[in-house]
Amino acid sequence: MFTEKLHQAMNDQVHHEFESAYIYLSMAAYLDEANLPGFAHWMKIQYQEEVAHTFKFYDYINERGGRVELQPIGQPPIEFDSPLHVFQAALAHEQKITADINALYELALEEKDYPSQIFLQWFIDEQVEEEQNAGDIVATLKMVGDNPHAILMLDRELGQRQPPVEANAEQA
Ligand code: OFO
């Protein structure tokens with residue numbers, strides 16, 4: 001069993017991850033309405049990634065003998081100015097989640113909880129990828145500007161994103 005402080009912080013992270021899923025689903029809805037099905041698909045896969053992250057924390061809390069306590073989720077942002085604005089917001093959100101994961105890791109160090117330090121290393125790596133994925137799309141969108149042909153090409157490319165392995169396992 002881990003300490004109550006760490007238990008609470010892990011529970012908070014269940015909330016942050018599920019809230020991330022909800023935010024990305026809202027972004028997908030905006031992109032679907034904007035007739036950008038590839039962009040929307042990318043965001044729906046991101047939603048699945050966040051659900052998978054939620055379950056990693058959920059399962060870990062259970063494995064350590066803790067009880068998962070779900071918290072209320074507020075309304076996510078629903079209006080955006082453009083696809084660029086969506087991905088800038090996604091990048092800013094990932095940077096916040098990185099800070100949450102880093103704070104959790106620091107707490108696991110303070111509490112001398114070695115299994116949690118090992119568990120969190122996966123998330124530390126994952127956050128590098130999460131920030132890079134959103135950051136790359138922001139950079140591309142800035143480069144193409146309002147060029148409709150380039151936006152359509154990017155829409156096709158983002159429509160190829162594959163679901164996370166964890167999501168396949170959940171569905172199997
Ligand atoms: Fe769970 O990594 Fe994004 O938020």
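The values are calculated or read from the model by the stated rules, or taken from the named source; none is laboratory data. In this text, all values refer to a predicted model and were calculated from it rather than measured experimentally. All Cβ positions, glycine included, derive from the backbone under ideal geometry; neighbour counts span all protein chains shown. Surface accessibility is based on the protein's heavy atoms, side chains included, excluding ligands, DNA and RNA. Shrake-Rupley method; radii C 1.70, N 1.55, O 1.52, S 1.80 Å.
I need the full set of residues from the stretch 27-44 which are open to solvent by 10 Å² or more (accessible area, probe 1.4 Å) and either acidic (Asp, Glu) or within 30 Å of Met10 (Cβ to Cβ) (or both), in order please.
Taking the stretch 27-44 and keeping what is open to solvent by 10 Å² or more (accessible area, probe 1.4 Å), we get 29-30, 32-37, 41-42, 44.
Within the stretch 27-44, Ala29, Asp32, Glu33, Trp42, Lys44 meet the criteria.
Enumerate the helices (runs of 4 or more DSSP H) found wholly within the stretch 64-172, keeping only those where 1 or more residues are within 15 Å of the ligand (Cβ to nearest atom) and among the β-branched types (Val, Ile, Thr).
Hits in the stretch 64-172: 83-110, 114-144, 165-171.
Taking the stated definitions as given, is Tyr58 open to solvent by 70 Å² or more (accessible area, probe 1.4 Å), within 18 Å of the chain's Cα centre (by Cα) and either of a type in the set (Ser, Thr, Tyr) or more than 16 Å from the ligand (Cβ to nearest atom) (or both)?
Working: open to solvent by 70 Å² or more (accessible area, probe 1.4 Å): yes; within 18 Å of the chain's Cα centre (by Cα): yes; either of a type in the set (Ser, Thr, Tyr) or more than 16 Å from the ligand (Cβ to nearest atom) (or both): yes.
It is true that Tyr58 is open to solvent by 70 Å² or more (accessible area, probe 1.4 Å), within 18 Å of the chain's Cα centre (by Cα) and either of a type in the set (Ser, Thr, Tyr) or more than 16 Å from the ligand (Cβ to nearest atom) (or both).
What single numbered condition from (1) in contact with an Asp or Glu (Cβ under 7 Å, 6 or more places away or on another chain); (2) within 16 Å of the ligand (Cβ to nearest atom); (3) touching a residue at least 60 places away in the same chain (Cβ under 8 Å) fails to hold for Gly38?
Gly38 satisfies every listed condition except (2).
For every residue, the table says whether it meets (1) of a type in the set (Val, Ile, Thr); (2) closer than 30 Å to Gly65 by Cβ.
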{"position": "Leu104", "(1), (2)": "no, yes"}
{"position": "Ile124", "(1), (2)": "yes, yes"}
{"position": "Val138", "(1), (2)": "yes, no"}
{"position": "Lys142", "(1), (2)": "no, no"}
{"position": "Leu154", "(1), (2)": "no, no"}
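Taking Gln8, is it farther than 16 Å from Ala134 by Cβ, within 16 Å of the ligand (Cβ to nearest atom) and assigned to a helix (DSSP H, G or I)?
Judged against the criteria, Gln8 is not a match.
Provide a single number: the residues in the stretch 106-132 that are in contact with a Leu (Cβ under 8 Å, 6 or more places away or on another chain) and open to solvent by 50 Å² or more (accessible area, probe 1.4 Å).
The total comes to 2.
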